[in-house]
Amino acid sequence: MADLFEDPQPAAGENAPEFTVSELSGEVKRTLEGSFGRIRVRGEVGRVFKARSGHLYYDIKDDKSVLACTTWKGQISGLSVVPEEGLEVVVTGRLTAFGAQSKYNMNVDEVAVAGQGALMALLEKRKAQLAAEGLFAPERKQPIPFLPQFIGVVTSPSGAVIRDILHRLRDRFPRKVLVWPVAVQGQNCAAEVAHAINGFNQFTPGGALPRPDLIIVARGGGSIEDLWGFNEEIVARAAAASQIPLISAVGHETDTTLIDYVSDLRAPTPTAAAEHAVPVRLELMAWADSMGARLTRGAGQAVQLRRQRLNDLSRALPRPETLLETPRQRLDRIVDRLPNALIAGVQRRKIALSETAASLRPATLRALVDKRADNLRHLSSRLTVRPIERDLTQKQDRLGALAQRLEAAQLARIDRQGQVLKAASRQLDILSYKATLDRGYAVVRAGDQLVTNTAQAKAADVLSIEFADGKVDVAKG
């Protein structure tokens, strides 16, 4: 501190030198910056305030003291962890003084979380916040497409992760892959991963650069600090807002990050993500072949079952000659009874005529004729030529109408009988063995006898074979 008193001179009668306020503030600032240089301080983040200018002001404290800290706007992007109230951190920077208010503070250009416990506490805090907003809800999850045409992969292009994913896709079912290179750890990780997810979603479906049907965000294993970029809120919100189904494959099976909770599916490893993305081509082909075989077998069984059912129904139907036996018998009885019925009818009418003629006497007949003649004359005197003609015209019209109705009724009856006859003819054709001959069968006879076995065929000298288009006689030589 002796250097502070080299330039100022003591006043007359005084032993201590005099300083102006600005001189003293400058000396204090130079002393602080020169004595401490670049330092690291550990403490808990207190009040945090971001000014409109973009600068960040916050406090670092312990149980006894508080240290004011400042991070300028241009330095914020370089911070690996943004200070949050209650978080225990280790800040690195330079100690300086602000003479206008007689205060000193620390200009911080690097912030690190003080230990894994603090990181986990921060992670749980963010997890609870996002869960309260419903970003982890199962109903928000989108189904993973069964066989995506294009797959977008967000990862480092130089690591083993992308090689593992491509190798597994090539083994299972080759697909087109679009790789968006990002930093998978460090201060740029979160921003680049979020930008990649949003970028894939902004692709136009069917455009020159096709929009992926599925996104895989992948990274290999590492410590919690290495994976911290995938715990950032910006990454979790980008994954939750993705309209494209997203699979997260960050770290190993025991590693869990916030993107795992908001993604549509979490894979324990990048290789497992590729396995979830596409099926095995050979297994899919085998399944399709088995389904085709089952379909063919089912169709064959259905046809066989219906054929058997048709055969059973055909055996239950009566023979054509059986259907005609009853009508033939009825016709024969009617034919046999018709002559006797005609004779009996004529006899009855003859007897009735004889009885009527016997009851008539000449005088009675004459009187009846005279009475009828008087009535006729009386009626004829009442008739004129015009009413007779009119009545005759009416009778002719009525007779013509009756004749038309009679003709129409007769035609309708003939048509109905024709339809019945056609139906019977079609049924005979269906039941006739002639239809069987049209399908390539033949009927073998020996004379008038039907040959149904080889013994009858060998015993006959001449066989008559009936085909659909005619008969052929075959003499045995």
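One table, with the values for the structure above:
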{"quantity": "Equivalent ellipsoid, region 18-114 (semi-axes from 5 times Cα gyration tensor eigenvalues, Å)", "calculated": "24, 15, 13"}
{"quantity": "In sequence order, calculated HN-Hα J values of region 291-302 (Karplus, 6.51, -1.76, 1.60; Hz; x Gly/Pro)", "calculated": "5, x, 5, 5, 5, 5, 5, x, 5, x, 5, 5"}
{"quantity": "Net charge over other residues, Cβ less than 11 angstrom from the Cβ of Val184 (K, R count +1; D, E count -1)", "calculated": "-1"}
{"quantity": "Computed E for Ala208/Ser77 - FRET, C-beta separation, R0 30 angstrom, nearest 0.05", "calculated": "0.40"}
{"quantity": "Built amide H within the under 5 Å cut-off of Leu87, gap 5+", "calculated": "Val45"}
{"quantity": "Footprinting exposure proxy for Arg168, Arg42, Arg439 (fewest neighbouring C-beta atoms within 10 Å first)", "calculated": "Arg439, Arg42, Arg168"}
{"quantity": "Summed side-chain charge close to Gln304 - residues other than Gln304 whose Cβ falls under 14 Å, Lys, Arg +1, Asp, Glu -1", "calculated": "+3"}
{"quantity": "For Ala97, distant residues with modelled amide H under 5 Å away", "calculated": "Asn105"}
{"quantity": "Cα convex hull of the chain, projected area averaged across orientations, nm²", "calculated": "69.9 nm²"}
{"quantity": "Intensity falloff of region 62-169 expressed as log10 I(q)/I(0), Debye formula with alpha-carbon point scatterers, at q = 0.16 Å⁻¹", "calculated": "-0.99"}
{"quantity": "Cut-off under 5 Å, modelled amide H: who pairs with Arg219 long-range", "calculated": "Ala249, Val250, Gly251"}
{"quantity": "Aspartates and glutamates whose Cα lies under 19 Å from that of Lys422, excluding same-chain neighbours fewer than 8 positions away", "calculated": "Glu321, Glu325"}
{"quantity": "Antiparallel content of DSSP bridges confined to the chain, in %, to 5", "calculated": "70 percent"}
{"quantity": "Scattering curve values for region 243-303, log₁₀ I(q)/I(0), Debye with Cα scatterers, q = 0.19, 0.21 Å⁻¹", "calculated": "-0.72, -0.80"}
{"quantity": "³J(HN,Hα), Karplus 6.51/-1.76/1.60, whole Hz, each residue of region 246-260, x for Gly, Pro", "calculated": "10, 10, 9, 9, 9, x, 8, 5, 7, 7, 9, 10, 5, 5, 5"}
{"quantity": "Inter-part distance where region 120-147 and region 406-465 are each reduced to a Cα centre, Å", "calculated": "80 Å"}
{"quantity": "Cα gyration tensor category, rounded, prolate or oblate, for region 384-430 with a/c compared to 1.5", "calculated": "prolate"}
{"quantity": "Of Lys29/Lys64; Lys350/Lys395; Lys434/Lys476, those spanning more than 31 Å from alpha-carbon to alpha-carbon", "calculated": "Lys350/Lys395"}
{"quantity": "Whole-Hz ³J(HN,Hα) from phi, Karplus 6.51 cos²θ - 1.76 cosθ + 1.60, for region 221-230, glycine and proline x", "calculated": "x, x, 6, 5, 5, 5, 8, 5, x, 7"}
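Throughout, read-outs are computed from the coordinates displayed, never taken from laboratory work. Since the structure is predicted, the reported quantities are computational estimates derived from the model, not experimental observations. Ideal geometry is used to build each Cβ from the backbone, glycine not excepted, and the neighbour counts take in all protein chains shown.
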